[in-house]
Structure formats: structure tokens, C-alpha cells
Amino acid sequence: MCKLRKKRDFKIQVMKNLEKKKEAFGELLCVIEELRKGCPWDKKQTMESLRPLSIEEIYELGDAVLEQDMAEVKKELGDLLMHMVFYAQIGEEKGEFDIADVLEAICEKLKYRHPHIYGEVKVKDAQEVLQNWEQLKLKEKGRKHQVLEGVPVSLPALVKAYRIQDKVRGVGFDWKHKADVWEKVKEELGEFEQEVERGDQPNMEQEFGDFLFSVVNAARLYGINPENSLERTNQKFIRRFSYVEEQAKQQGRKLQEMTLEEMDGLWNEAKALETGGKK
């Protein structure tokens, strides 16, 4: 009897939470519709004008995630969700689609691509889920049935390299043993160094691209997202160089007047403060 009561109470709580979420989402829909009718700025927006703003919001969310600032993540998710509803509102005004069409389509796609949840397919691990996902994607109506067709052209090159490699992995085009990738990295570095010695600028650029691509591949194989990894290094460099600037300012000096050795000394101070003296 106690178990039945607990199960019933849990179900009631789930339904209350669901209603709360529906109400909040419904309010956002109403707000966006009202803004489109009453606000001069919102009235004039198009999908094209929203595009750069949406890209900016995605990057701001990415920054918040890397900083593990949950309050900021919540804020940026709200901004991004507002943009999604805004696009759907414009689509509805054009008679093309509305938010219900958008939500129904994504639910249908997710169910189709998760046959191990919504069907009889059995999977042993996450890797098999990804392989099934890519295979099912190729079968979908309206696609060219090409593995790499879903990689956006305008993706930043580092992110695009990772996505390309991840997608071809989904159809089995990958290293059998991840440690083997290091031979490829060394090979590409060697080819780049040869072009550096020749002083051939166009070939240097090409070989450096090949080298970077192989390093991204190595990162993927070892479970490292290269975009996140590089951005953390960017932020680390900014913190340490800002320390150098601040210390120079406190000494009443300009960076241009300092020697490289002096700046290196301040850099090492910043590093020691971050790492507690550890290398």
C-alpha cells in the first residue's frame, strides 16, 4: 500500500512539474507574439537579421558552460530559447510553419533515431547508438544519402574538422587502435616541416592544415573536444597576460619598455599563482 501511495505521489509531482513547464513556455509564446505586434524593433526583425544575433547567443552560452557558471547558463539558455520561438513566430506569420510543427518534427526525429528506446533494436553501448543514428539519418526522406551532408558549411574550421571526423566514425571509417593516430600526426608534422624548409608558403599552409586535422583526430580519439580544450587555453593565456599587464601597471611601466625576460618573470608568477607552484 505504501509503495502504491509513493508511486501515485511521484506521478502527481511529475504532472505538476509538467504543467508548470507548459505554462512557462506558453507565456514565452505569448510574449513573443505581443512583441511582434507592438514593438517597433521586434516588428522589423527577419530570420536573416536574427541570424548573427543567434550565433552570438550560442557563443555566449558556450562561454557560460566553459566557466561552469550555472546562473549564466540559465540566462543564456533563455536568450537562445527566445530566438528559437522568434524564428517560429516569423515562420507562422509567413504561413510556413509554427512552433507546434517545430516541436512535433523534432520529437518525431528523436523517436525515429532512437529505435533502441522506441522500437525493438538492441544496442550494447553509446558507440553503437551513434552508428545507428548516422545510418538512420542517411535513410531519411529528402537527404542526398551522403554522410557529410549535415555538416554546416559555415561552421568554424576547428569545430567542422571534429564533426567531419565524428560523422565518418559513425559509419565505421576510423582507426582500429587509437594509439595508431600518433604516427599520422608525426607524418603530417614531418611533411609540414619539409615545406617550411623549402619556404613554399602555399604548401606550408596546406600541410599545416593536414597537421591540424590529424591533431583534432587524435583529440577526438582520446575523448577531448578540441574546441573546448583550445578555448580553455585561450582563457588561461588571457588571465596570465592580464596579470602581466596589471603588474607592469603597478610598477609604473609600459609593456613596450620591458624586456622579454622581465615579462616572462611576471608570466611565471601568474602561472605559479594558478598552479600553486606546480609545473
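Just one residue in the set L103, L81 is at pLDDT 95 or above, under 19 Å from the mean Cα position of the chain (by Cα) and under 18 Å from A24 (Cα atoms); that residue is L81. Of the set (1) closer than 25 Å to I55 by Cα; (2) surrounded by fewer than 15 Cβ atoms within 10 Å (Cβ to Cβ), all apply to K167 but (2). Taking residues in region 151-167 that are closer than 14 Å to L212 by Cα, and partners anywhere that are of a type in the set (F, W, Y) and assigned to a helix (DSSP H, G or I), the pairs with Cβ atoms closer than 7 Å and at least 6 places apart or on different chains are A161/F213.
One residue is enough: does region 136-144 have a residue meeting the conditions over 30 Å from R232 (Cβ atoms), surrounded by 11 or more Cβ atoms within 10 Å (Cβ to Cβ) and in contact with a Gly (Cβ under 6 Å, 6 or more places away or on another chain)? No - not one qualifying residue is present in region 136-144.
Filter region 15-34 down to the residues that are of a type in the set (A, V, I, L, M, F, W, C) and under 15 Å from G91 (Cα atoms), then identify the one that is surrounded by the fewest Cβ atoms within 10 Å (Cβ to Cβ). Among those residues, the one meeting the criterion is L29. Out of region 180-190, which residues are over 26 Å from the mean Cα position of the chain (by Cα) and surrounded by fewer than 17 Cβ atoms within 10 Å (Cβ to Cβ)? Answer for region 180-190, where residues must be over 26 Å from the mean Cα position of the chain (by Cα) and surrounded by fewer than 17 Cβ atoms within 10 Å (Cβ to Cβ): D180, E183, K186, E187, L189, G190. Taking region 194-206 as the range and being among the charged types (D, E, K, R) and loosely packed, with under 13 Cβ neighbours inside 10 Å as the test, the residues that pass are E197, R198, E205. Once region 207-265 is narrowed to residues that are free of Cβ contacts under 8 Å to residues at least 12 places away in the same chain and closer than 19 Å to R163 by Cβ, the residue that is surrounded by the fewest Cβ atoms within 10 Å (Cβ to Cβ) is G223.
The values are calculated or read from the model by the stated rules, or taken from the named source; none is laboratory data. Since this is a predicted model, take the numbers as computed values, not measurements. Please note: Cβ atoms are built from the backbone with ideal geometry, for glycine as well, and neighbour counts cover all protein chains shown.
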